[in-house]
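The values are calculated or read from the model by the stated rules, or taken from the named source; none is laboratory data. Every value quoted in this text rests on a predicted model; they were computed, and no experiment measured them. As a convention, Cβ positions derive from the backbone with ideal geometry for all residues, glycine included, and neighbour counts pool all protein chains shown.
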């Protein structure tokens, strides 16, 4: 009886070994099989999808065989390994094992979206909505509702996002990308604030952010940013109006049609720095690190005025006479190819990236900031000495270039 039991046990072990060997062979064959594709394909793995479902889908599509054995392999070898959502690149000749290696490394196809310095929040939202690779969750929401969704209720969105090229994978939401840009701005602003010049006239980083947005919109010439900031800071310290055209344009919102007039300069809005003293209430655009640095480290000097040359750069003047001469030379007698900003450059593109929208769309009207009456102490901008250099135009005539 005992010998019979041992014989049965031995037979069972042999059969178990053979079965285990057969299973191992089937699993190894399933892993080493090449993907049945003739050209590169992208495998999309939606959020919440399990490896089991993915194997079954690939088998149903004819890309692999023996999904059962692959599911067995994953269960007993990679049970704790997450399968990240996104897209994975499958190429001819790749084996199932190679595809699983991509899953294990989380090596997903990445895309990019560039948020550009000087864009307003309207343009940022348009760029996000245009990108088909992002999951759209913000469509139909107001700006304030967007900030609620980001966890920053009550924060005005303008200028609160950092312009940069952001990488993302399929399945990432527009809100996820905005959160990255918001946190990045906070990080950069705090670092620059901690390295600010000792005598800058700001009581909090947000004021520096507002100033940086004026610098960003006034010049695209890198070496001029600190000079522009220096002019604005000196004017503030002397009680002079900032008188910068981009703030007027921002306050006009969708009503701005590309033509700024003297009548616009006299129109009371919370952003018209020809009518209000000091800084506007919020930033007017997204700003890069260089503009933030310039606002917090303005260049020393005596200049109180600047005027556009027509090539994107400016002439800086210490006194009114010099400024008037520059106005006559560069504004009244304008060159044929006059430009108030540098010639646009093409934003570098990367593989699998979505081209950003143009930055020329009009500024969106700010939310929850109704027009206010000008301060009693502010003089009529038409009487400011900085404007005496040009003949007084009609109310709808083009305004001179700012500040000044």
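Residues in region 117-145 that are free of Cβ contacts under 8 Å to residues at least 60 places away in the same chain and assigned to a helix (DSSP H, G or I): 125, 128, 129, 145. For region 317-327, check the following and say yes or no: at least one residue is at pLDDT 55 or above, in the same structural domain as residue 219 (by TED's automatic domain parsing) and part of a loop (DSSP other than H, G, I, E, B). Taking every residue of region 317-327 in turn, at least one turns out to be at pLDDT 55 or above, in the same structural domain as residue 219 (by TED's automatic domain parsing) and part of a loop (DSSP other than H, G, I, E, B). With respect to (1) out of contact with any helix residue (DSSP H, G or I) (no Cβ under 9 Å at 6 or more places or on another chain); (2) in a loop (DSSP other than H, G, I, E, B), the lone exception for residue 176 is condition (2).
Filtering 70, 31, 15 for residues that are out of contact with any strand residue (DSSP E or B) (no Cβ under 9 Å at 6 or more places or on another chain), at pLDDT 90 or above and over 29 Å from residue 134 (Cα atoms) leaves a single hit, 70. Scanning region 200-223 for residues that are surrounded by 21 or more Cβ atoms within 10 Å (Cβ to Cβ) and under 14 Å from residue 306 (Cβ atoms), we see that the one that is modelled with the lowest pLDDT is 219. Going residue by residue through region 90-113, is there one that turns out to be part of a helix (DSSP H, G or I), over 36 Å from the mean Cα position of the chain (by Cα) and modelled with pLDDT of 90 or more? The answer is yes; a qualifying residue exists. Within region 151-173, the presence of a residue that is over 12 Å from residue 286 (Cβ atoms) and part of a helix (DSSP H, G or I) is excluded. Evaluation of residue 148 against the conditions (1) in a helix (DSSP H, G or I); (2) out of contact with any helix residue (DSSP H, G or I) (no Cβ under 9 Å at 6 or more places or on another chain); (3) in contact (Cβ under 8 Å) with a residue 12 or more places away in the chain shows that the sole unmet condition is (3). Just so you know, in region 27-57 the residues that are touching a helix residue (DSSP H, G or I) at 6+ places or on another chain (Cβ under 7 Å) and in a helix (DSSP H, G or I) include one that is surrounded by the fewest Cβ atoms within 10 Å (Cβ to Cβ), and it is 32.
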